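Everything on this sheet refers to the single structure shown next.
The values are calculated or read from the model by the stated rules, or taken from the named source; none is laboratory data. Source: prediction; values computed, not measured. Counting neighbours? That spans all protein chains shown, and the Cβs are built from the backbone with ideal geometry, glycine included.
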């Protein structure tokens, strides 16, 4: 689906496919000679953002709200990066190109300041996620924590003890997993509680508190979002955060698709004087027109290329040391009806983790961690059309799925995903009208930030939680004069939350314009 015409707003001196050369030479910072004038808008652009994903647009909105004249360049014809929505299978079936469900949309500081829930319709389902199990059974994570526990039988009390404290302190958890790791945390007791649970669920003792198989399978489905070895502290920490949000604010889906979030950001940027230029691939910083600030919604690998040899040796080494993780292969389905899950509750669950028991999921994820394709893969699935009638024609449905594969894989996983769903929803094959598969390699072709198909734009590991991309209290700022990184490769990491772009923009405002008060982002 092409970008709306109002997004194609090049300045008079440029076209969507042509950009003017930047001033010759890229300089590193020299704090002793750096000038810090106030904001100026009469000398052309104040700020440029390369990349129109949620982080790039969050940065652009923040800068524009501070009074800067901002231009965004996007290589594709459609804005949004990994948060776009398009007709990928058949006319009238609207599929999310990347992310589909947004656990962090309500918890994100940026989106709270932006007032996202007042700008678009976010449907928060009664069931946050479901998990089919053999024999027609299922685990169900209701938004209501107590209701979830009551459905887990003898493991219900253990579920409450594990997640209850995190849910009650969800704001502190959101701050901790946002960017509090970069500074002294304000909630040390919450940090300790979260840390102990992460170590337990991320190590050999991860089964000690459970006696059945439903609760651990249900929890492991959230761990596997991180595409890493199971168990491990990094996957457990990310999964516990997602599980806590499931029982706090829930896992919302935007009406109309993830592109609705992008549209809200773009509309605000345009309303405050910004511009978005599509079909404009930037291959070197020298191609950009003059601007005081450049924010890059790109990976460290792309920064190396864009800098044309201008990065200092030490920083260049750090960028080369940044690790990327394994990948996803994605399949979208147009369906003649709802997925015929054997367990009735799953027919009301917009998000599902399809992978069997905890042991089954660990086996699949660890195979990928060793560089192999899993025989019976973990599948993350979303069926948004059960809540949102705009996603498909009347009586029809969409199904969004992906599975994990080794980085750079060129294998189409349509059959593997179909077979895994059919295992828990007999008759699924019979309702498929069309499908569109993307290999891991194709995921990168669409979005270069997904290096090798890594949708997290960098491996999620304990080391890279504090080194994303460098160990610093201000990891968004590069040594190049006025150049900042704002992608998911920076803190606080992946997810549609806008925080990487927001923090990078605040850093740029403080360092380049002496603006230390965050601008008002509310409508």
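Of the residues 420, 442, which single one is modelled with pLDDT of 95 or more, within 30 Å of residue 288 (Cα to Cα) and in the same structural domain as residue 396 (by TED's automatic domain parsing)?
442
Which one is farthest from the chain's Cα centre (by Cα), of the residues in segment 328-355 that are crowded, with 23+ Cβ neighbours inside 10 Å and within 19 Å of residue 214 (Cβ to Cβ)?
Ranking the qualifying residues of segment 328-355, first place goes to 341.
Can you go through 229, 209, 286, 292 and tell me which one is modelled with pLDDT of 95 or more, closer than 30 Å to residue 67 by Cα and in contact with a helix residue (DSSP H, G or I) (Cβ under 7 Å, 6 or more places away or on another chain)?
Going through 229, 209, 286, 292 in turn, the sole match is 292.
Quick one: residue 291 ticks every box in (1) farther than 29 Å from residue 385 by Cα; (2) buried (at least 21 other Cβ atoms within 10 Å of the Cβ); (3) within 26 Å of the chain's Cα centre (by Cα) except a single one, so which number is it?
For residue 291, the failing item is (3).
Within segment 320-354, can you find the residues that are within 19 Å of residue 453 (Cα to Cα) and in a helix (DSSP H, G or I)?
If the condition is that a residue be within 19 Å of residue 453 (Cα to Cα) and in a helix (DSSP H, G or I), then 320, 321 are the ones that fit.
Scan segment 361-383 for residues that are closer than 18 Å to residue 401 by Cα and assigned to a helix (DSSP H, G or I) and jot them down.
Scanning segment 361-383 gives 361, 364, 365, 368.
Take the conditions surrounded by 20 or more Cβ atoms within 10 Å (Cβ to Cβ) and at pLDDT below 95 and apply them to residue 239. Does it pass?
Against the criterion (surrounded by 20 or more Cβ atoms within 10 Å (Cβ to Cβ) and at pLDDT below 95), residue 239 does not qualify.
From 435, 491, which residue is in contact (Cβ under 8 Å) with a residue 24 or more places away in the chain, crowded, with 22+ Cβ neighbours inside 10 Å and either assigned by TED's automatic domain parsing to the domain that holds residue 396 or under 16 Å from the mean Cα position of the chain (by Cα) (or both)?
Going through 435, 491 in turn, just one is in contact (Cβ under 8 Å) with a residue 24 or more places away in the chain, crowded, with 22+ Cβ neighbours inside 10 Å and either assigned by TED's automatic domain parsing to the domain that holds residue 396 or under 16 Å from the mean Cα position of the chain (by Cα) (or both): 491.
Could you go through segment 389-396 and let me know if any residue there is under 26 Å from residue 252 (Cα atoms), under 22 Å from the mean Cα position of the chain (by Cα), in contact (Cβ under 8 Å) with a residue 40 or more places away in the chain and in the same structural domain as residue 133 (by TED's automatic domain parsing).
Yes: one or more hits.
Could you list, in sequence order, all residues of segment 190-206 that are part of a helix (DSSP H, G or I) and touching a helix residue (DSSP H, G or I) at 6+ places or on another chain (Cβ under 9 Å)?
190, 191, 193, 194, 195, 197, 198, 199, 200, 201, listed by residue number.
Just give me the residues in segment 478-523 being in a helix (DSSP H, G or I) and touching a helix residue (DSSP H, G or I) at 6+ places or on another chain (Cβ under 8 Å), in sequence order.
Selection gives 499, 500, 501, 502, 504, 505, 506, 508, 509.
Can you name the number of the only condition in (1) closer than 18 Å to residue 197 by Cβ; (2) modelled with pLDDT under 95 that residue 221 fails?
Unmet for residue 221, out of (1) closer than 18 Å to residue 197 by Cβ; (2) modelled with pLDDT under 95: (2).
Restricted to segment 410-433, and to residues that are in contact with a strand residue (DSSP E or B) (Cβ under 6 Å, 6 or more places away or on another chain) and assigned to a loop (DSSP other than H, G, I, E, B), which residue is nearest to residue 382 (Cα to Cα)?
Residue satisfying both the conditions and the ranking: 413.
If you go through segment 217-226 one residue at a time, do you hit one that is surrounded by fewer than 23 Cβ atoms within 10 Å (Cβ to Cβ), assigned by TED's automatic domain parsing to the domain that holds residue 363 and over 25 Å from residue 52 (Cβ atoms)?
Taking every residue of segment 217-226 in turn, none turns out to be surrounded by fewer than 23 Cβ atoms within 10 Å (Cβ to Cβ), assigned by TED's automatic domain parsing to the domain that holds residue 363 and over 25 Å from residue 52 (Cβ atoms).
Quick one: residue 280 ticks every box in (1) buried (at least 21 other Cβ atoms within 10 Å of the Cβ); (2) outside any loop (DSSP other than H, G, I, E, B) except a single one, so which number is it?
Only one criterion in (1) buried (at least 21 other Cβ atoms within 10 Å of the Cβ); (2) outside any loop (DSSP other than H, G, I, E, B) is unmet by residue 280, namely (2).
Among (1) buried (at least 19 other Cβ atoms within 10 Å of the Cβ); (2) over 19 Å from the mean Cα position of the chain (by Cα); (3) over 20 Å from residue 378 (Cβ atoms), there is one condition residue 449 misses while meeting the rest; what is its number?
(2)
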